[in-house]
Amino acid sequence: MVDATIIIIVVAVVVALYLILVYNGLIRIKNRVENAWAQIDVQLRRRYDLIPNLVSTVKGYAKHEKELLTQVTRERSNLVGGASMAKKAAASDAITGALKSLFAVAENYPDLKANQNFMQLQEELSGTESKIAYARQFYNDQVMLFNTKLQVFPTNVFGRMLGFSDKEMFETKGAARENVKVEF
Amino acid sequence: MVDFYQHITANKVKSYVLLVLFLFVVILLGGVLGEAFWGSFEFGIIFAFIFGVVYSLVGWFSGQSMIASVSKAKRIEKKDDPYLWNTVEGLSIAAGIPMPKVYMIEEESMNAFATGRDPGHSLVCVTSGLRKRMNRQELEGVLAHELAHIKNYDIRIMMLTTVLIGVVTLLSDFMLRSFLWGGGRRRSDSGNAGAILVVVALVLAILAPIIAQLMRLAISRKREYLADANGALLTRYPPGLANALRKIRDDHDTLVDSANKATAHLYIENPMRKAKGAVNHLFSTHPDIDDRIKRLEAM
């Protein structure tokens, strides 16, 4: 009788220790995922802040590129605030495409190209763009680690019991993934 | 992934082993020298212990500044070079580490290094020649390699190796030179000081090859291959670093004037003139560059 009690206690302790280990491991990665997401958000916000300057600089030189500017401005509002991750990703991709066209078009305006302010903005925006790409890469890697951990046996049995669920990748789904049309 | 975390743990353990070994050797030397010159073994040990602890602490906390200053590297800010700054910041985000400080050496040849005690206290340094002559992808490749060293904690063991062991080679070089050039003059003022110098120089001369071997043990070449691979994982573009290495190889000039035996192993490619002789061969801390290129191309 005493032996059975001891065995039960030992098993209970081992299971409890195992659960603590699983829980802490998952929390650690989950925090890393959330921190990685915050990094993306910082860069999206940076881009959000830079765009009005760009628009006002370009407006003065390139009056014919109204459509591109409107597109950038329209998508800009989706970069921050409560928009869903998929929406932010779509907006970010759309802006990447529009900015690419805008910088390509800028080649036709020598005065704009030589503008000190424009050059700084261009460097800053393309820097921000590659930071978004890197932050996204890091975030998606972390999400993949987290989801894999949650899906493999035996963590999958307990992980969901402990209240964890799969994380969403930062990527563009469906229609928004189509290439942005560049018109010449 | 498992390998990666094991590598970090190994680096941390090695760093502490190195610190303990350093203290042990210093205390031993202190005891011997104390016995020889002051007739007091204990005095030597106590003095050496205090010196060893203080020096280790200084090395731990300001090793990176010491290395930056002997390498004549200048710290730069975002406004000095926005593009370089943005690239380092972007790659740090990709690596998931805080952004290191950015330094530059005014030097025509192409080279780079990173140092520090952990990712939160680190710096990355490039020569102005490398900055000027590498294109976007190549520069990213090189910086990603350096950031991988930071993330892997290679920087800690490499910094301690420089500060604690490498410095002996500098002292030995320095003593040997003053012994050879100023030998006649020094020997004439037949005092205690002269004798001490001779003994210390001899001890250092004997120690030098052992130290070289120690440095090689501390800095395995595996480290470079791993940093190449992890760097490529950051940029997702192995040809960037491969092309950068090819450019460095074909340039023949990776020599950095301010580099020395103690800091040479920090650089992405050997910054010292390739000298002949057994002792110098022991210092070949850099793996064959062609082999590195080949591995990157196979990724």
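Values quoted throughout were computed directly from the atomic coordinates according to the rules given, and no laboratory measurement underlies them. Since the model is a prediction, treat every value here as computed from it, not as a measurement. Using ideal geometry, Cβ is built from the backbone for each residue, glycine included, and neighbour counts are taken over all protein chains shown.
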Any of A:Lys88/A:Lys149; A:Lys59/B:Lys79; B:Lys151/B:Lys247; A:Lys59/A:Lys113; B:Lys151/B:Lys222 with alpha carbons more than 18 Å apart? Name them for me. A:Lys88/A:Lys149; A:Lys59/B:Lys79; B:Lys151/B:Lys247
Magnitude of the Cβ-charge dipole (Lys and Arg +1, Asp and Glu -1) of chain A about the Cα centre, nearest 20 debye, reported as 240 debye
Estimated 222 nm signal from helices in chain A, with DSSP H stretches of n ≥ 4 weighted -39500 (n - 2.57), rounded to 500: -26500 deg cm²/dmol
What ³J(HN,Hα) values, in whole Hz, does the Karplus curve 6.51 cos²θ - 1.76 cosθ + 1.60 give for the stretch A:48-57 when θ = phi - 60°, with x put for Gly and Pro? 4, 6, 7, 4, x, 4, 4, 4, 5, 5
For the stretch B:286-299, take each phi angle, set θ = phi - 60°, evaluate the Karplus expression 6.51 cos²θ - 1.76 cosθ + 1.60, and give the result in whole Hz per residue in order, putting x for glycine and proline. 9, x, 4, 5, 5, 5, 5, 4, 4, 5, 5, 6, 7, 6
Mind sorting A:Glu129, B:Glu108 by how few other Cβ atoms lie within 10 Å of their own Cβ, fewest first? B:Glu108, A:Glu129
Under a 5 Å amide H to amide H cut-off, with H placed in plane at 1.01 Å, what residues pair with B:Ser122 once short-range neighbours are removed? B:Lys101
Please compute the Cα-Cα pair-distance distribution of the stretch A:2-165 with 10 Å bins starting at 0, giving whole percents from short to long. 9, 29, 21, 15, 11, 8, 4, 2, 1, 0
In whole Hz, what ³J(HN,Hα) sequence does the stretch B:17-29 give by Karplus (6.51, -1.76, 1.60; θ = phi - 60°), x for Gly and Pro? 4, 4, 4, 5, 4, 4, 4, 4, 5, 4, 5, 4, 4
Would you please put B:236-246, B:121-131 in order of how densely packed they are, using the mean number of other Cβ atoms within 10 angstrom per residue and starting with the highest? B:121-131, B:236-246
Which of A:Ile20, B:Ile67 has the fewest other C-beta atoms within 10 Å, and how do the rest follow up to the most? A:Ile20, B:Ile67
What percentages, rounded to whole numbers, describe P(r) for the stretch B:71-182 computed over all alpha carbon pairs with 10 Å bin width beginning at zero? 14, 41, 28, 12, 5, 0
Using modelled backbone amide H atoms (1.01 Å from N, in-plane), which distant-in-sequence or interchain residues come within less than 5 Å of B:Ser40's amide H? B:Glu35
Counting only DSSP beta bridges fully inside the protein assembly as shown, the antiparallel percentage to nearest 5 is 70 percent
Cut-off is 10 Å between beta-carbons; in what order do A:Arg74, B:Arg117 appear when sorted fewest neighbours first? A:Arg74, B:Arg117
How large is the Rg to Rh ratio of the protein assembly as shown when both quantities use alpha carbon positions and Rh follows Kirkwood? 1.08
